[in-house]
Each structure stands twice: as C-alpha cells, then as structure tokens.
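The values are calculated or read from the model by the stated rules, or taken from the named source; none is laboratory data. Since we're looking at a predicted model, the values are computed, not measured. FYI the Cβ positions are ideal-geometry reconstructions off the backbone, even for glycines, and counts take in every protein chain you see.
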C-alpha cells in the first residue's frame, strides 16, 4: 500500500517543484506520463482507488496549469477528472444493471443517468476541454464498461435510442410536478 502511494506522491512533489523552479519542460514530461495513464483501464483504476493522493495530484496539476497558462491547450488535469467521473458513473450504472428488480422509475437511477448525460453535454469546468467526449468514449470503450450501458439501450428499428423510456418518465415527472 505504501509503495502504491509513493508514485503519486512523487509526481505531486515533482509538479510542485516544477512550479517553484519554473520548469515547464519537466512538467510537460509529467503530463505525458499521466496522459499514458488515460489510455489504460488498469492505470485509471489504480488512480481512482488511491484515497487522498488523486486530490493532491489534481490540485497540483491545477496550480501548474494556472502557472504555465497559455502554453498547453490540452491540460491533463481536466482530462483525468473527466475520466474519473465517467468511471464513477459507469460503476454506479453497473450496480443498477445487476439488480433483478430494476425499475426505470428509480430516483437514484435517474439521478445517475442525469449526471452522466450532464457530464457528456454540459459540465461547466470540463466544457473548455476540447476532447471531452473523446475521453468519455475512450473510458466507456475500455474493458467491459459498455456492457453496463447496454442494459439501458433499446433497439428500435435501425437506430439505437438511448433511454427513450427513461426520458419519457423524466418528462412525465416534470409535468406531474408542475401540475401539482
């Protein structure tokens, strides 16, 4: 356990040293290392499973990206945050898809799906990220992540309509709450 945390702590310390010594060249190398983590499911799971280190790492990346502003148009911090959130929502959807008595009218399920769709479409601090959808698609395509979404996809004719029943229920609830 201690060995696992040392790597991320070392990266965090290196990022802080890059900021203090104004060494963007070293910071770019650290960003390249973290970008490689985005390409591996096991590496993302490793990062997500660390308890407090990712928060420190993300804070250090944020400060470095602010310090070296304008140099890198594709910062790795928001990419990691987007991948972490995508994994979190997929994990919650996996939990729901394992239930035998799943109700599509379940409030918790609707909230998870709403947050997931909001991440894809609207999320404010990731909106400036140019390839946010590419990151989300890459995480969904890793391992068996897509299988948890298949439970909520319905085939109608020749096209897939993602959660059309769920959208109907959402609209119905909005209508019902306005009517009251």
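Before we move on, is residue 42 within 15 Å of residue 140 (Cα to Cα) and loosely packed, with under 14 Cβ neighbours inside 10 Å?
Spelling it out, residue 42 is indeed within 15 Å of residue 140 (Cα to Cα) and loosely packed, with under 14 Cβ neighbours inside 10 Å.
When you check residue 7 against the structure, is it under 18 Å from residue 84 (Cβ atoms), modelled with pLDDT of 90 or more and surrounded by 13 or more Cβ atoms within 10 Å (Cβ to Cβ), yes or no?
Answer is no for this residue.
Are any of the residues in region 68-76 within 16 Å of the chain's Cα centre (by Cα), surrounded by 14 or more Cβ atoms within 10 Å (Cβ to Cβ) and either modelled with pLDDT of 90 or more or at positive phi (or both)?
No; the residues of region 68-76 include none that is within 16 Å of the chain's Cα centre (by Cα), surrounded by 14 or more Cβ atoms within 10 Å (Cβ to Cβ) and either modelled with pLDDT of 90 or more or at positive phi (or both).
Yes or no, residue by residue, for (1) in the same structural domain as residue 152 (by TED's automatic domain parsing); (2) touching a residue at least 12 places away in the same chain (Cβ under 8 Å); (3) at positive phi:
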residue: 43; (1), (2), (3): no, no, no
residue: 48; (1), (2), (3): no, yes, no
residue: 62; (1), (2), (3): no, yes, no
residue: 83; (1), (2), (3): yes, yes, no
residue: 90; (1), (2), (3): yes, yes, no
residue: 103; (1), (2), (3): yes, no, no
residue: 107; (1), (2), (3): yes, no, no
